[in-house]
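Have a look at the structure that comes next, please.
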């Protein structure tokens, strides 16, 4: 008989569960028990409930026996099945230290097709990832996965709303300015893009030499901040 599989810790008072996977049930159950009794369990929601209701309210159940290479797949199936959970993130994770087969990865991928996480699930996933730094390799993969993807108008509105009131640091602004240098050189715009640019600039005051001279005269004697100087410097570099 398998010693590995999927288990739950159920609160018999309110029906909430904690879903987990293990390669050895007895050792995992003992670890949960010791951590909860000593009030140092890594899952704060489960620990708070244990402190509130007492150990008599909780039961350990084995939900499924399976091979170690299929643990994440079946754990995710149970996480998707139950709604009221103590799990901080409803995404199966493992520290077993081995790589899953391509077949297991395909099964996990198929299990997520068509599943739309609820707002509560997204919030839990976000909380679970707070403070976890991303490596340069992960950042590169994320950037590549987003390359060529056009955002919908609704997504643009959400992003715009999320950034209202946020102030960028000088270093952040410097990085943005440097990343834009030379990006428009040699780029041929389509007739549609030119038309959109033309429409967008209608009614705006042209940036010509006379206007520049007038603004220089207007600003004469007025000290500029380091941020303003940086903006002017970056703008001149892009125009060269």
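The values are calculated or read from the model by the stated rules, or taken from the named source; none is laboratory data. These figures come from a predicted structure and were not determined experimentally. Backbone-built Cβ (ideal geometry, glycine too); neighbour counts: all protein chains shown.
State which residue is nearest to the chain's Cα centre (by Cα) when the search covers only the stretch 25-71 and only residues that are part of a loop (DSSP other than H, G, I, E, B) and surrounded by 16 or more Cβ atoms within 10 Å (Cβ to Cβ).
43
Which of the residues spanning the stretch 1-35 are out of contact with any helix residue (DSSP H, G or I) (no Cβ under 9 Å at 6 or more places or on another chain) and without any contact (Cβ under 8 Å) to a residue 40 or more places away in the chain?
24, 25, 26, 27, 28, 29, 30, 31, 34
Counting just the residues of the stretch 179-193 that are loosely packed, with under 11 Cβ neighbours inside 10 Å and at pLDDT 70 or above, which one comes out nearest to residue 225 (Cα to Cα)?
179
Moving on to the next point. With (1) out of contact with any strand residue (DSSP E or B) (no Cβ under 6 Å at 6 or more places or on another chain); (2) outside any helix (DSSP H, G or I) as the list, and residue 20 as the residue in question, which single condition is left unmet?
(1)
Here's something else I'd like to know. Here's a check for you: in the stretch 72-105, which residue that is assigned to a helix (DSSP H, G or I) and loosely packed, with under 12 Cβ neighbours inside 10 Å is modelled with the highest pLDDT? If you could, list the steps in order and put the result at the bottom.
So in the stretch 72-105, the residues assigned to a helix (DSSP H, G or I) come out as 72-81, 102-105.
From what's left, loosely packed, with under 12 Cβ neighbours inside 10 Å: 81, 102-103.
Working: 81: 86, 102: 65, 103: 64.
Among them, the one singled out is 81.
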